[in-house]
Amino acid sequence: MTPFIFSRFLFLLIIYINLLLAVLCFSFSQSLCHDHEKSSLLQFKEAFVIDKSASGDPLAYPKLTLWNQAGGTSSDCCSWEGVECDEDTGHVIGLDLGSSFLYGSLDSNSSLFSLVHLRRLSLADNHFNYSHIPTAIKRLSMLTSLSLNASVFSGQIPSEVSELSNLSSLDLSENIDPLTRKKLLVLKKPDFKSLVSNLTSLEQLRLSYVDISSTVPDSLANFSSLTSLLLKDCGLRGEFPVGIFGLPNLQILSVGFNENLTGSLPEFKQSSSLKALKLAGTSFSGDLPTSIEKLASLYYLDATACNFSGMIPASIGKLNQLTYLDLSENNFMGHIPSSLANLTQLVQLWLYSNQLSGPLPFSLSKLQNLELLTVENNNLSGNVNFDMFLGLKNLRTLSLSDNKLSVIIKPGINDTLPQFKLLFLSNCNLRKFPEFLAHQERIDSLDLVGNHIGGRIPEWMFNKSRETFFLHLSENDLIGEVPPAICNLRSLAFLKMSYNNLSGSLPQCFGNFKSLSVLTLRNNSISGNIPIFSEGNQLRLVDLGYNQLQGQVPHSLTNCRMLGYLNLENNRLDDVFPYWLGSLPELEVLVLRSNEFHGVIGEPRPHYEFPKLRIIDMSFNNFTGKLPSSYIQSWKAMKSNMFWNSSYMKSIPITKSKGSNTISSFVNFRVTIKIKGVDRFYEKIIDIIAVISLSDNKFDGEIPADIGNVKGLYSLDLSNNNLKGGIPSSLGNLTGLESLDLYGNELSGEIPQELTKLTFLQYLNVSHNHLTGPIPRANQLSRFESSSYEGNSGLCGIPLPNKCGNSEALDPPLPSHEEEEEESSSFFQFGWKVVVIGYGCGFVVGLFVAEFAIARKPNWFAMTFGIRNWQVIRKRRMGRRN
């Protein structure tokens with residue numbers, strides 16, 4: 001190479017290197033964010049602490065801890081986690097701090113609102129400590145996307161949000177109190193209509209769990225760009241604008257759990273973009289139109305617990321993209337259309353609690369992707385050959401319960417059936433345990449109630465390899481002992497084997513199980529002693545009533561620190577009053593009636609005061625001495641009657657985790673109260689009532705006046721004792737009392753006028769005492785039947801035939817319409833149901849299982865175990881919100 005050429009090459013190389021450095025320097029300088037924006041971001045960071053409990057997403061991580069003020073590339077805020085800058089101007093235009101463990105308050109003074117070039121802002125899934133959405137949000141006028149969901153914001157949504165006219169996506173959903181599960185955000189002033197009036201460019205609007213309590217504005221039917229409308233559980237009411245179904249770009253519509261929202265599905269005249277339609281828990285009604293076939297892109301249809309009726313149209317079988325179909329808890333009738341077999345992508349099919357009839361179509365066996373099928377509580381009839389499920393290898397949940405079906409299980413199909421996790425075959429005319437169950441290794445929940453299955457429980461039912469959680473074998477004809485092999489089920493949490501012919505003693509492992517929460521074995525012939533209970537057990541409910549148990553109440557029950565319900569009625573227990581149960585911190589219901597308890601109850605001991613007790617039944621025993629007035633005064637939970645702040649009696653939650661799945665459940669208590677000589681069953685018990693039943697013992701002395709301080713008393717039964725003295729006037733303070741039974745004592749004196757204050761009293765019996773004087777004429781006392789007062793020779797006045805004097809010739813004044821309405825109403829609307837057994841018990845299960853069908857249907861799960869009441873304990877899973 002000549003010197004000239006070399007010099008020229010070297011010159012060009014230097015120029016090239018300089019140009020390259022200049023470009024790199026220019027690019028580097030352009031990538032650095034503006035100092036004032038970096039400062040604002042750092043100030044924002046310093047306003048919060050990192051708290052791992054602040055985010056629910058399992059993939060959450062603390063993005064802000066990676067921000068750095070030091071020199072080097074880390075000082076460029078455009079490279080910080082969650083920060084997006086404009087490539088041309090360097091301004092911060094995007095901030096994604098969702099699921100960042102942020103905890104603290106946010107107000108209008110925050111440096112966040114100086115980032116005026118922001119177009120996208122996400123603060124979702126953090127904990128902003130009940131802050132109101134700052135009015136300074138209006139400074140971010142360039143925002144096209146705003147996500148504040150699931151971040152514990154509270155209060156009224158400010159009108160300033162409606163000024164963000166460039167918004168295409170607004171998500172304020174799921175701001176729920178993590179402690180009480182109550183909605184935190186309110187949309188009333190401005191209301192829903194005002195909020196969206198200026199946001200005509202919206203493509204996504206998500207307001208689920210915001211307290212809106214209004215109608216859906218008709219103007220939304222004009223939002224032609226809308227692709228997602230999520231308004232779940234917002235208190236919406238009135239008619240849903242039918243025009244919204246016709247929006248050309250709408251893909252997801254979720255308005256579920258607005259029970260006062262009415263509407264119907266239109267005739268779909270053209271193809272639709274709709275992919276997910278969620279109407280569960282609304283008052284939508286009418287037929288499913290045959291034109292539903294036009295929703296060709298639909299993959300998710302949830303219309304459970306609405307008021308739909310008519311027949312399920314065969315055209316629904318043309319929705320070949322459907323993976324989830326739920327038409328349960330409606331009034332559909334007719335046959336299950338065989339065209340459902342065309343839905344080859346279907347994963348879950350819910351049809352329970354309708355009026356469907358006819359056979360279960362064998363064609364459903366073609367749904368090879370099916371994981372869940374529930375058709376219980378219909379009028380289906382005929383035989384179901386269980387081998388129809390042989391080809392459904394993915395089927396994990398199957399419920400055929402409570403129809404008129406006869407399930408036929410042929411021998412030899414043991415190894416070829418799918419491995420079920422939940423199998424519900426109650427009232428399916430089975431006569432023996434299905435043999436294929438011996439080969440089911442994954443059974444988590446099994447319900448065979450009401451099948452008249454006879455004989456002994458086979459040992460293979462309790463295979464060690466299983467992790468059975470729920471086992472319901474009640475209402476069969478089982479005999480023999482409870483097999484000791486049941487102790488192998490170390491994961492067992494709910495065991496119900498009531499109403500059988502089981503005998504022998506209880507396995508000691510019932511007292512040693514660490515996972516067992518519900519144990520009900522009532523109405524059998526079980527004898528022997530109650531097991532000894534070890535420390536650390538999880539028992540919430542124990543019902544051993546109507547057996548032949550003997551001996552004493554074990555002191556080890558004090559180890560059941562979570563126990564809320566204990567029923568030992570109708571056994572042969574021979575003991576003094578088990579005062580030691582008073583140390584149980586959660587005990588609300590205690591039933592000891594119809595045993596051989598005896599002796600004087602005495603005074604309460606320190607730390608044994610039954611702190612939560614609200615219902616106690618010790619009737620039909622041999623207790624003696626005076627009424628336990630000191631105990632009654634120590635039962636503080638019975639003194640509350642704050643009906644405006646009430647709920648239903650239930651246990652503390654039960655949780656079970658397995659991998660990424662979490663099951664949360666709780667126990668609701670049911671109870672039977674003896675009134676008019678029969679047992680009246682309450683399906684659920686409001687937690688402000690109190691019941692004391694001490695009848696049919698040998699108590700003597702007077703009724704203590706202090707009993708009038710137990711303001712929550714709903715029923716007081718002291719009948720068939722040896723009580724003397726007068727009826728305390730203080731009973732007039734029990735303004736919530738609905739039943740008062742003093743029958744068959746030796747009470748004397750007059751009926752106090754103060755009892756006329758008991759305006760909720762529905763039942764009164766003071767017969768067969770030594771009462772004298774006139775029956776008070778005010779309110780309802782004179783309207784009870786004469787049998788309520790008979791056997792008191794000195795009583796007179798209506799309704800008895802013997803008059804008290806000339807003044808008694810006049811009829812009592814008729815109540816006004818308002819008084820009559822007030823007297824006939826009650827804070828305790830349970831509805832009477834007469835039964836011939838004692839206390840009942842039940843449980844309600846709310847489930848949150850990620851990627852698992854039962855996560856979405858806790859009410860269905862509860863119903864399959866004979867339960868009508870349910871409640872969901874919600875656990876957020878980011879990325880799967882409705």
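The values are calculated or read from the model by the stated rules, or taken from the named source; none is laboratory data. Treat the numbers as computed from the prediction; the structure is a model and nothing was measured. Don't worry about glycine lacking a Cβ; one is built from the backbone with ideal geometry, like all the others, and counts go over all protein chains shown. Accessible surface is based on the protein model in full, side chains and every heavy atom, while ligands, DNA and RNA are left aside. Shrake-Rupley method; radii C 1.70, N 1.55, O 1.52, S 1.80 Å.
Considering region 292-413 at the alpha-carbon level, its Rg and Dmax are found to be 13.7, 45 Å.
Apolar share of the accessible surface for region 31-214: 48 percent from carbon plus sulfur atoms, 1.4 Å probe. Heavy-atom accessible surface of region 31-214, averaged per residue, reaches 41 Å², computed with a 1.4 Å probe.
Ranked from highest to lowest mean number of other Cβ atoms within 10 Å per residue, what is the order of the peptides 181-187, 592-598?
Working: 181-187: 17.7, 592-598: 20.7.
The densest-packed peptide leads the list: 592-598, 181-187.
Of the cross-linked pairs 45/189; 318/366; 464/514; 674/698; 275/421; 612/639, those separated by over 20 Å at the C-alpha level are 45/189; 275/421.
For region 31-214, the antiparallel share of DSSP beta bridges with both residues in that region comes to about 25%.
Charges were assigned to the Cβ only: +1 to each Lys and Arg, -1 to each Asp and Glu. The resulting dipole of region 31-214 about its Cα centre is roughly 660 debye. Taking every alpha-carbon pair in region 31-214 and binning the separations at 10 Å intervals from zero gives 10, 38, 36, 14, 2, 0 percent. A compact globular protein would have a Cα radius of gyration near 2.2 N^0.38 Å; the ratio found for region 325-385 is 1.03.
Please compute the alpha carbon radius of gyration of region 172-218, then divide it by the globular-protein estimate 2.2 N^0.38 Å. Two decimals is fine. Walk me through the intermediate numbers first.
Details: Rg = 11.7 Å, N = 47, 2.2 N^0.38 = 9.5 Å.
Dividing the Cα Rg of region 172-218 by 2.2 N^0.38 Å gives 1.23.
The 3J(HN,Hα) values that the Karplus relation (6.51, -1.76, 1.60; θ = phi - 60°) gives for region 759-773 are, in residue order, 6, 9, 5, 9, 9, 9, 9, 10, 5, 6, 10, 10, 6, 9, x Hz. Gly and Pro appear as x.
Round to a whole angstrom and tell me the spacing of the C-alpha centers of region 124-166 and region 733-769. Taking the Cα centre of each part, region 124-166 and region 733-769 sit 58 Å apart.
Would you mind getting me the FRET efficiency between residue 333 and residue 393? Use the beta-carbon distance for r and R0 = 35 Å, nearest 0.05.
Details: r = 32 Å, r/R0 = 0.92.
Given R0 = 35 Å and the Cβ-Cβ separation, E is 0.60.
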